[in-house]
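For reference, the structure is listed below as C-alpha cells.
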Amino acid sequence: MNRYFIINKPFDMVSQFISTHDVRLLGDLNFEFPEGTHAVGRLDNDSEGLLILTTNKKVTRLLFQSEKKHERSYLVLVKNIVSAETLEALRSGVTIRIKGGEDYVSAPCGIEIVPNPTQLYEYASDPREQFPHTWLLITLTEGKFHQVRKMVLAVNHRCLRLIRTSIEKITLTGMQPGEVKELEEERFFELLGIKGY
C-alpha cells in the first residue's frame with residue numbers, strides 16, 4: 001500500500017535521502033519513512049517549505065507531466081523595494097537562462113506584494129527585513145531549475161529567502177520547520193486535483 005507525506009523542509013537540507021556530499025538529508029528528520037519513499041519535485045538546499053514525499057512512483061508523472069498545470073506558490077523575500085512596473089514585468093513573463101544555456105520566457109504568473117508575510121507563514125520573520133526589502137507571493141504553473149530565483153534576478157532583485165507555501169490545495173498551514181504529516185491516499189489526490197491512483 002502506498003503512503004503519502006508532506007513535510008516543511010527546513011533551510012539547509014537537501015530534498016533527498018542519499019548524497020555523496022556532507023549535507024543534511026531528509027532521513028535526518030525525526031520520522032521513520034518507509035522504504036522506497038522519495039521526494040516529488042525538489043527544493044534546493046537554500047529553499048524551504050512544502051515538499052511532497054511518497055512511495056508511489058506514479059505521482060511525479062501524474063503531477064508534473066499531466067496536461068493540467070498545477071499551481072505552486074512561493075513566499076519570496078527579495079532585496080530592495082519592488083516597483084509596480086517590475087511586478088507587471090514578472091506577472092507577464094521575463095527572460096531567464098535555463099539548463100543548456102537557452103533563453104526562456106517564463107509563463108504569465110500570479111504575483112503580489114505581501115505586507116505581512118507572517119500571516120501567510122508564521123516563521124517568515126527574517127533579520128534581513130531591517131534592510132530595504134519586499135516580500136512577494138509568486139504562483140507558478142511551471143518549475144524550471146531555480147526558476148523563482150532567476151525570475152527575480154532578471155528584474156534586478158536578489159532572492160534572499162524562498163519558501164514554498166503550497167502545491168495546489170496542499171499547504172504548510174500550521175506546520176513547523178521539519179514537521180512531517182501523513183495524508184490518506186484519497187485526500188492526497190483530492191487536494192492535488194489529480195486522478196490516476
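With r as the distance between the Cβ atoms of Leu153 and Glu186 and R0 = 41 Å, compute the FRET efficiency 1/(1 + (r/R0)^6) and round to 0.05.
Working: r = 40 Å, r/R0 = 0.99.
Efficiency at R0 = 41 Å is approximately 0.50.
Please work out the FRET efficiency for the pair Asn30 and Asp126, using the Cβ-Cβ distance as r and a Förster radius of 25 Å; give the result to the nearest 0.05.
Working: r = 25 Å, r/R0 = 0.98.
It comes out at approximately 0.50.
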Self-check item: Hz values of 3J(HN,Hα) by residue in the range 44-50 - Karplus curve (6.51, -1.76, 1.60), Gly and Pro given as x
Solution: 6, 3, 8, 9, 9, x, 5
Practice problem: Can you pull the one-decimal nm distance between simple spin-label points at Thr60 and Ser19, each 7 Å off the Cα toward Cβ? | Solution: 1.7 nm
Quiz prompt | Farthest positive-ward along the chain dipole, Cα basis, beta-carbon charges - from Gln119, Leu162, Ala89 | solution = Ala89
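If the only charges are +1 at each Lys and Arg Cβ and -1 at each Asp and Glu Cβ, what is the size of the charge dipole of the range 1-56 around the Cα centre, to the nearest 20 debye?
Working: 4 positive and 8 negative charges, 47 e Å.
Using only the charged Cβ atoms, the result is roughly 220 debye.
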Self-check item: Cα principal axis extents for the chain, largest first, Å
Solution: 50, 37, 34
Quiz item: Based on the Cβ-Cβ distance of Phe145 and Glu168, what FRET efficiency does E = 1/(1 + (r/R0)^6) give at R0 = 25 Å, to the nearest 0.05?
Solution: 0.75
Exercise. Collect residues whose amide H, placed 1.01 Å from N in the peptide plane, falls under 5 Å from the amide H of Asn8; neighbours closer than 5 in sequence don't count.
Key: Gly178, Glu179
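Can you give me the orientation-averaged projected area of the convex hull built on the Cα atoms of the range 72-167, in nm²?
Value for the range 72-167: 5.8 nm².
Where does each of 130-141, 50-61 land if you order them by average Cβ count within 10 Å, highest first?
Working: 130-141: 16.4, 50-61: 18.5.
The peptides rank, most packed first, as 50-61, 130-141.
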Exercise. Read phi for every residue in the range 97-108 and hand back ³J(HN,Hα) as whole Hz from Karplus 6.51 cos²θ - 1.76 cosθ + 1.60, θ = phi - 60°, with x for Gly and Pro.
Key: 8, 10, 3, x, x, 7, 7, 9, 9, 5, 5, x
Self-check item: Mean Cβ count within 10 Å, highest first, over the residues of peptides 31-41, 74-84
Solution: 74-84, 31-41
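So which GluC sites (Glu not before Pro) in the range 89-122 are both in a DSSP loop and have at most 11 other Cβ atoms within 10 Å of their Cβ?
Details: sites: Glu102, Glu112, Glu122; in loops: Glu102, Glu122.
Here the sparse-neighbourhood loop sites are Glu102.
Read the figures in this text as sums done on the coordinates, not as results from a lab. If you're wondering where the values come from, they're calculated on a predicted model, not measured in any experiment. Here the Cβ is made from the backbone with ideal geometry for all residues, glycine too, and neighbour counts use every protein chain on show.
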